[in-house]
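In what follows, a structure is listed as structure tokens, so that the remarks can point back to it.
The values are calculated or read from the model by the stated rules, or taken from the named source; none is laboratory data. Owing to the predicted nature of the structure, the values given are computational and were not obtained by experimental measurement. FYI the Cβ positions are ideal-geometry reconstructions off the backbone, even for glycines, and counts take in every protein chain you see.
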Amino acid sequence: MNMRVSKTRMIACLGVLTLTAGLAAGCGGGGGAAQSGEPREPEAIYKQLCINCHGNNLEGRSAPALKTIGATKSAEEIAGIIQKGQNGMPSFGKMLKPEEIQALADWLAAKK
Ligand code: HEC
């Protein structure tokens, strides 16, 4: 992990920190190292990173509802959107570990 990556990561963390106080735990321990530490639970990641746009209960807010996303999209498609972003949806490929994206996608794909 070089300086540039960890600095970017820190800035990303700080940015989200201003949105959600809950992220303090997520950013505090690892020193911004995306690839170390235990993967977080999908619900915890959702609350930290997704809730502002997709709503407390997946009901949608500025972004579409995800309550029944599994009915129209596969886990693979959802993982791709989380990874790369799409239109107004930011990409989380640099903020989340691959296994976290996968777990989040599987969790969402089960919402039907
Ligand atoms: C800054 C606001 C924002 C945040 C934060 C955000 N999203 Fe999104 N998301 C959007 C928007 C806007 C769209 C619609 C994109 C489009 O029209 O193509 C979207 C679309 C999606 C879709 C596809 C929905 C569909 O019906 O096709 C999924 C899945 C998704 N987001 C998951 C997530 C997850 C998981 C997170 C957290 C890791 C997240 N989003 C965080 C704004 C956001």
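Here are a few things to note about the model shown:
- Every condition in (1) in a helix (DSSP H, G or I); (2) surrounded by fewer than 12 Cβ atoms within 10 Å (Cβ to Cβ); (3) near the ligand (Cβ under 8 Å from one of its atoms) holds for Glu99 except the one numbered (3).
- Filtered residues of the stretch 85-96 (kept if part of a loop (DSSP other than H, G, I, E, B) and hydrophobic (A, V, I, L, M, F, W, C)): Phe92, Met95, Leu96
- Residue match in the stretch 51-64 (condition: within 11 Å of the chain's Cα centre (by Cα) and within 20 Å of Glu38 (Cβ to Cβ)): no
- Counting only helices (runs of 4 or more DSSP H) wholly contained in the stretch 1-84, the ones carrying 2 or more residues that are at pLDDT below 80 and of a type in the set (S, T, N, Q) occupy 3-19.
- Residues within the stretch 35-82 that are under 13 Å from Lys112 (Cα atoms), surrounded by 15 or more Cβ atoms within 10 Å (Cβ to Cβ) and not aliphatic (A, V, I, L, M), tallied: 3
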